[in-house]
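Notes to accompany the following structure.
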Amino acid sequence: MLIKIPYDTSYLTTECNERNIVAVLEPGEPNVDKTPEELVISALERPIGSSRLADLAKDKQKIVIISSDHTRPMPSRITIPLLLQEIRRGNPGADITILIATGLHRPPNSAELINRYGEEVVSKEKIVIHDADNQNSLIALGKLPSGATLLINRLAVEADLLVAEGFIEPHFFAGYSGGRKSILPGIAGRETIYYNHSALLIKQKTSRAGFLDTNKINRDMEYAAQTAKLAFILNVCLDSNKNICAAFAGEPVAAHRAGCEYLRELASVKRAPADIVIVSNGGYPLDQNLYQAVKGMSTAADNAKPGAVIICVAGCVDGMGSKNFFELTAGAESPEKLLKKILDTPPLETVMDQWQVQILAEILCKHKVILVSRNIDSETVSAMHMEHALTLEGALQRAFELKGKDAKITVIPNGVSIITED
């Protein structure tokens, strides 16, 4: 049997005896009879729980559109022009700012902006990149349910109308992406993001993909969006080719929940425990660094038997993703000691990337992880308590050495696209 796994902008392949394969876990393919543009236009014409955006924009002077950053496969070349068109249909003279929700990510460069929006939008529209550390650009809006201070970008708070675009996929601790995540972490201050991503909240059993109502991280995020007066969202779902397969617009909670329900129908698959689990993040852009690759590993761990081997395939063209992510992980004597240190860290003492390290440490305490990447060297991977392989074939051979030639395998080509359930 040919195993084909997304890697950067292409694929890695290897052969495996079919008798070893337990399952190949993939989301259902949507049945779509409209173009991406038609889907978005239809959603904007029939918003959920809200008036049309064109009507909301009437008589509003300052309008802010929050947009996803370069780390997300958001088809903004389609969505942003249509949002601008809809706003200007109701208010041709509106002062519109596109605010890029970087959260704690690095700012996008010029090439990434053009790749995301196209030259016309970049050259003609007002674009501001959020900076979570610029205190002059942040406003405090009280406390979140968790107790954190809510710091939000000033442009959003002072807008007469606040709009956001985003895409919905399963999220390994927020339940789902999209919707309220444009506010927190998207345009929040560092202190707020740290508390929301603290060990105290990450360790909750419902801080996992598919959970919303009982998820305390999501509770903070929805509260932040409501407090910031996010008035209207346009969220899309993507198929396996990263094309829009559904669009949802309207009141932020109602439209987002409708999108999540649609996605759950496609993304839910039966858990398939195995001795070896092969996973990726579905290729670029979500596999551009090791930090992001932890998301796919989390899905793999949910389908791994005790002591299983996880083979994570990730392009990692951007390396680690951050220096702190590497130093926190590599600086620990063992995953067990690393996890204990993080769990003992109070929310107000959370440090950069601790949440991702926490989830990685939880995985490493239970499983051997083999990283397949040509852009990170073996010494670096070893320092992070994982093994390294340059090829998928080599990683699978090593996994068979560890688990035996009769080991059972579950293949997950895109770990961020599914929710596994019993």
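The values are calculated or read from the model by the stated rules, or taken from the named source; none is laboratory data. It should be emphasised that the depicted structure is a prediction, and the values quoted were computed from it without experimental measurement. When we count neighbours, we look across all protein chains shown, and the Cβ atoms used for this are built from the backbone with ideal geometry, even at glycine.
Listed values, structure above:
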{"read-out": "Residue satisfying condition, being of a type outside the set (D, E, K, R), in the same structural domain as GLY315 (by TED's automatic domain parsing) and at pLDDT 95 or above, within set ILE21, ILE41", "value": "ILE21"}
{"read-out": "Residue satisfying all of: in the stretch 95-128; in contact (Cβ under 8 Å) with a residue 60 or more places away in the chain and not polar (S, T, N, Q); farthest from THR79 (Cα to Cα) among these", "value": "LEU104"}
{"read-out": "Residue satisfying condition, being more than 20 Å from GLU158 (Cα to Cα) and part of a helix (DSSP H, G or I), within set LEU39, LEU104", "value": "LEU39"}
{"read-out": "In the stretch 374-395, the residues that are under 19 Å from GLY283 (Cβ atoms) and either surrounded by fewer than 18 Cβ atoms within 10 Å (Cβ to Cβ) or over 22 Å from the mean Cα position of the chain (by Cα) (or both)", "value": "ARG374, ASN375, ALA389, LEU390, THR391, LEU392, GLU393, ALA395"}
{"read-out": "Residues satisfying the stated conditions in the stretch 396-417, i.e. part of a helix (DSSP H, G or I) and either among the charged types (D, E, K, R) or crowded, with 19+ Cβ neighbours inside 10 Å (or both)", "value": "LEU396, ARG398, ALA399, GLU401, LYS403"}
{"read-out": "Some residue of the stretch 204-227 being farther than 30 Å from GLU265 by Cβ and either modelled with pLDDT of 95 or more or outside the structural domain of GLY103 (by TED's automatic domain parsing) (or both)", "value": "yes"}
{"read-out": "Residue check for THR345: among the β-branched types (Val, Ile, Thr) and either touching a helix residue (DSSP H, G or I) at 6+ places or on another chain (Cβ under 9 Å) or surrounded by fewer than 22 Cβ atoms within 10 Å (Cβ to Cβ) (or both)", "value": "yes"}
{"read-out": "Of all residues in the stretch 113-160 being in a helix (DSSP H, G or I) and of a type in the set (Ser, Thr, Tyr), the one that is surrounded by the most Cβ atoms within 10 Å (Cβ to Cβ)", "value": "TYR117"}
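Yes/no per residue for (1) within 30 Å of ASN241 (Cα to Cα); (2) touching a residue at least 60 places away in the same chain (Cβ under 8 Å):
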site	(1), (2)
PRO347	no, yes
LEU360	yes, yes
GLU379	no, no
GLU393	yes, yes
LYS403	no, yes
